[in-house]
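Here's the structure, in structure tokens; my notes come after.
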Amino acid sequence: MSSLLQVLLSGAATGCVYGLVALSFVLIFKATSVLSFMQGELLMAGAFAALAAHQGLGLPLLPAVLLAVLAMAGFAMLGERLFLRRLVAQPALLAVLLTFGLGMMLRGLVASWPGAAQQVYRLPFGGEQLRIGEVLLPTAQLWVIAAALLLALLLAAFFRYTRLGLALRACAENPELATLMGVRVSTMQALAWGLGGGLAALAGVLLAPLSFVHLNMGDIAFKAFPAAVLGGMSSLGGALLGGLALGLIEALAGLWLPEGFKDALPYLLLLFALLLFPRGLGQWRLAGAGPSRGGQ
Amino acid sequence: MKVRAVEIGAGLVLLVLLLFWFGRAYGLAQLNLLFTYALAGLGVVIILGHAGQTVLGQGAFVALGAYAQALLVATGLTPLLALPLAAGAGALGGVLASLPAARLGGLYFGMSTFAFALLVEELLRRWESLTGGAAGLMVKGFSIAGWRLEQAGEQAAFSLLLLLGAIALCRRMLASALGRSWQAVREDEAAAAACGVDAVRAKIGAFALGGGVSGLAGGLYAHWIAYLSPEQFGLRLSFELLILAFLGGVRRLGGVLWGAALVVALPQAIALLRDQLPGEWTRAAGFELFVFGAAVVAVVLLRRPPA
């Protein structure tokens, strides 16, 4: 019983990180119709930036994390401003390739820092264990879940109650109409990239106590794809819930299925999600109609 | 026609420079790699350029061909007979990856090919009794009826022969009814369907040919590199092949040579740059990744179609 609880908790914590990365995918995709292949690298670079600011510059943890989030948001916005903006009305595949290239450049920058390629690091939080009765729970996982929930609430409030959030939503729904209402679409798209980059960096910081900080930690972004698709690539709440569900399923698969299945499961789920629910679980009845967005 | 003459001229000049500058053996070895990459990229030209299907996992078809070749040769089959089967493995992978196209289009379909490639990579990593897992697999050299292709020149000639054969086959296929159905599906799938073109069949056909050609390249690659491991065929290879196709012109069969030249020359150019540039930064492992990423960005921006 206690082991099941531990497995579920660790699954939920990983799932929250999946959910945050999926959220960053969906945010960018909704606002700009670009499927970003650099979220994983943003996540990894964000964790390294927090590490560098904390241990290199000697900043306390919270300002260090804030600096890392701002740095990644800045990188994503710069990429949008300098390069991605030139691909408006071009085949969607070109933007995918461009984000992949930008991700590689970011990865190269991090990897040229001596020591980044060989070692794993940890951020100093969440190392303790919490004892409830007979069950030992790592506080890191509780921290991650709490932080993800808080972030989701903040985002929901931002999109519901602030002018900026409403304008961003309007752009995602209908750019032409939003323009007519006086919303500057290009600014909103830059904002979406900034939010997406910052969220990925935060996901990296939250992943740090679960899996350490290392050069390949961004691979987790591929596992966030199914979460985003299950949420229909359009619902922010759906992406977060999809991530949580994926984390739990993966944890249970590790417990019950033979070794190896756990790692292949998210990709199988991605295929099934695309085939059975191309518009997300929320609109499963429309699945037969097929999506028409994107296109090459 | 004028453009083609200039291109051939530039290609010959580069070829001569390559062979004299770097020495004949080294130059020919690079040329061999170039032809093999071009063959793999030809698959992308068919699937993406001609059938218009987004493919984000072409590396998986190369991997299937390479592993099929390595395993078949290990059982004692002669390499020349194994090659068609390696192409078959790539084609089979292509057909499997194309099945979601019946329900999905555009970027969503591209994501399903990406998921397929991730699954193939995971399978190669996990099925250790067959593939050696992450430790990898050694492959014997190529030989035809006891004649071993050990010289770089012989290998390059053989790769070129297969590349030319594949280009001829693709040209023929493009002129066939199936090939014309690819064009129809690419331009307007609904209109093509209204005219009685079976879009699903067209897509499966394109993936069978494109996957087969890339699988054949994988079969050759297995011998030239002599060692296979799953990470050689990851996301990076799939994107390299896309960039390769874009650089040469995504619909030009012969354009793959230019794209392959970039993909093969880039690591060499980076090694040269390293010695020229001051500073420690260029010696770090990240420099190569950074330049590769910058090259991807540059190719996309330079080769984007006019708006």
task: Please list the radius of gyration and Dmax for chain A, considering alpha-carbon atoms only, with Å as the unit.
output: 19.0, 61
- request: Please express the Cα-Cα pair-distance distribution P(r) of the protein assembly as shown as a list of whole percents, one per 20 Å bin, running from 0 to the bin with the greatest distance.
  value: 19, 53, 26, 2, 0
field: Normalised contact order of the range B:52-200, rounded percent, pairs of Cα under 8 Å and 6 or more residues apart
entry: 25
statement: Taking a ≥ b ≥ c as the square roots of the Cα gyration tensor eigenvalues, with a/c under 1.5 meaning rounded and otherwise prolate when a/b beats b/c or oblate if not, the range A:90-156 comes out oblate
task: Once you have a ≥ b ≥ c as the square roots of the Cα gyration tensor eigenvalues for chain B, tell me rounded if a/c is under 1.5, and otherwise prolate or oblate according to whether a/b is larger than b/c.
output: rounded
query: Okay, helix-only estimate at 222 nm for the protein assembly as shown: each DSSP H run of n ≥ 4 adds -39500 (n - 2.57), divide by all residues, round to 500 deg cm²/dmol; what do you get?
result: -24000 deg cm²/dmol
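Given R₀ = 30 Å, FRET efficiency for residue A:139-residue A:70 by Cβ-Cβ distance, to 0.05?
The value I calculate is 0.65.
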- prompt: What list of ³J(HN,Hα) values in whole Hz, one per residue of the range A:218-224 in order, does the Karplus curve 6.51 cos²θ - 1.76 cosθ + 1.60 (θ = phi - 60°) give from phi, with Gly and Pro shown as x?
  reply: x, 4, 4, 4, 4, 6, 7
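I'd like the mean, over residues of A:261-273, of how many other protein chain beta carbons sit within 10 Å of each residue's own Cβ.
Rounded to a whole number, the mean comes out at 4.
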field: Kirkwood Rh (inverse of mean 1/r, distinct Cα pairs), the range B:1-79, angstrom
entry: 15.5
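Taking Cα pairs under 8 Å and at least six residues apart, what relative contact order does chain B come out at, in percent? Please report the intermediate quantities before stating the final value.
On the way: 477 pairs, mean separation 99.5, N = 307.
This gives 32 percent for chain B.
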statement: Output ordering of A:256-268, B:228-240, B:193-205 (per-residue mean of other Cβ within 10 Å, highest first) is B:228-240, B:193-205, A:256-268
field: From the C-alpha gyration tensor of the range B:198-307, square roots of 5λ in Å
entry: 30, 20, 12
Burial ranking of peptide ranges A:54-61, A:243-250 (average Cβ count within 10 Å, highest at the top): A:243-250, A:54-61
task: Could you order peptides A:228-239, B:243-254 by the average number of other Cβ atoms within 10 Å of their residues, highest first?
output: A:228-239, B:243-254
- prompt: Once amide H atoms are placed 1.01 Å from N in the peptide plane, what residues at a sequence separation of 5 or more from residue B:52, or on another chain, have their amide H within under 5 Å of its amide H?
  reply: none
task: Return the sequence-ordered ³J(HN,Hα) values of the range B:106-118 in whole Hz as given by the Karplus equation 6.51 cos²θ - 1.76 cosθ + 1.60 applied to θ = phi - 60°, using x for Gly and Pro.
output: x, 5, 5, 5, x, 5, 5, 5, 5, 4, 4, 5, 5
query: For the range B:48-63, in order, what is each residue's ³J(HN,Hα) by Karplus, 6.51 cos²θ - 1.76 cosθ + 1.60 with θ = phi - 60°, in whole Hz (x at glycine and Pro)?
result: 7, x, 9, 8, x, 9, 5, 10, 10, x, 4, x, 5, 5, 4, 4
- request: Using a/c under 1.5 as the rounded threshold, could you call the range B:110-230 rounded, prolate or oblate? The axes a ≥ b ≥ c are square roots of the C-alpha gyration tensor eigenvalues, and prolate needs a/b larger than b/c, oblate otherwise.
  value: oblate
- request: Work out the mean other chain Cβ neighbour count within 10 Å for the residues of B:114-121 and drop it here as an integer.
  value: 6
task: Report, as an integer, the average count of C-beta atoms from other chains found within 10 Å of each Cβ along A:84-95.
output: 4
field: Dimensionless Rg/Rh of the range A:5-108 - Kirkwood Rh, Rg from C-alpha atoms
entry: 1.04
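Just so you know, all these numbers are worked out from the coordinates, no wet-lab data involved. Remember, predicted model here, so these are calculated numbers, not experimental data. A quick note on method: Cβ atoms are made from the backbone with ideal geometry, for glycine too, and the neighbour counts reach across all protein chains shown.
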